[in-house]
1. About the Cα centre of the range 5-220, how large is the charge dipole given +1 on each Lys and Arg Cβ and -1 on each Asp and Glu Cβ? Please answer in debye to the nearest 20.
2. Per the Debye formula with a single identical scatterer at each Cα and no solvent contribution, what log10 I(q)/I(0) holds for the range 106-217 at q = 0.10 Å⁻¹?
3. Could you please tell me the mean projected area of the C-alpha convex hull for the range 5-220, averaged over all directions and given in square nanometres to one decimal?
4. Quick one: longest stretch of the chain between exposed loop GluC sites (Glu not before Pro), exposed meaning at most 14 other C-beta atoms within 10 Å and loop per DSSP?
5. Given the pairs K130/K216; K17/K130; K2/K179, which are separated by over 32 angstrom at their Cα positions?
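Values in this text are rule-based calculations from the coordinates and carry no lab data. Just so we're clear, the structure is a prediction, and the values are computed from it rather than from any experiment. Cβ coordinates were reconstructed from backbone atoms using ideal geometry, including for glycine residues, and neighbour counts include every protein chain displayed.
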Amino acid sequence: MKFPVLFEDDTLLAIHKPSGIHVHPSEFSRGEESVLDVLQAEFPGKWFAPVHRIDRATSGIVLYAKNSEAARALGEQFIRREVHKKYWCVVRGYLAESQTVTSGSIENDDYAETHYTSLAEVELPHSMGKHPTSRYSLLEARPVTGRRHQIRRHCSHISHPIIGDVRYGDGRHNALWRKEFGLNRLLLFALEISFSHPTTSEVITVKTRIEPEVEKVFGEFGWGDTFVG
């Protein structure tokens, strides 16, 4: 298996997706290999379907169903908002307190909701504009809904853009993290997902770790163990 397997049985497969590859082929990934392409090439004749998605630039857990019944059952759990996910992200600035960010409306079918909690902070001796130092926070994000780029958009909306986000972020801070820490990627990580197994109804919680090169930098900040638990 090209990707680390986090959970697998006859019905489901959960893998750790690296940053830089799409979950499945789409209009945004024309000509690029996706995780689904790799799975179908590695296991010819077997059926896989992603039951949720994370951005190309995001790393972490992706869950695939091995049959249409499981895919449909899990899809219904997502619609009912019974699936719980946790992400970590590094953002510009300090988050003063836990926040719930919303956008859109139920009437227009574009409502989005994310809960944020600050886990750790660091102040670096690098000037960005008028301030002599730069401040950053490690946040836990718990999306209630699953809109495209939701966590990234909401972080930007509250003026705490995610480091490495070339669309919604701050280019100066992205460049600093590339230069000082060699992290040329989006610092957004899908680390935990909980759901009811579509066959047994057992509550399944799948977890993963942040990649070693990022853990090393976090360790330099004194942010400690980066396993969600």
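1. That gives the range 5-220 a dipole magnitude of about 580 debye.
2. For the range 106-217, the Cα-only Debye profile gives -0.38.
3. The number I arrive at for the range 5-220 is 13.2 nm².
4. In the chain, the maximal stretch lacking such sites is 108-201.
5. Details: K130/K216 29 Å; K17/K130 38 Å; K2/K179 29 Å.
Going by Cα-Cα distance, K17/K130 fall outside the 32 Å limit.
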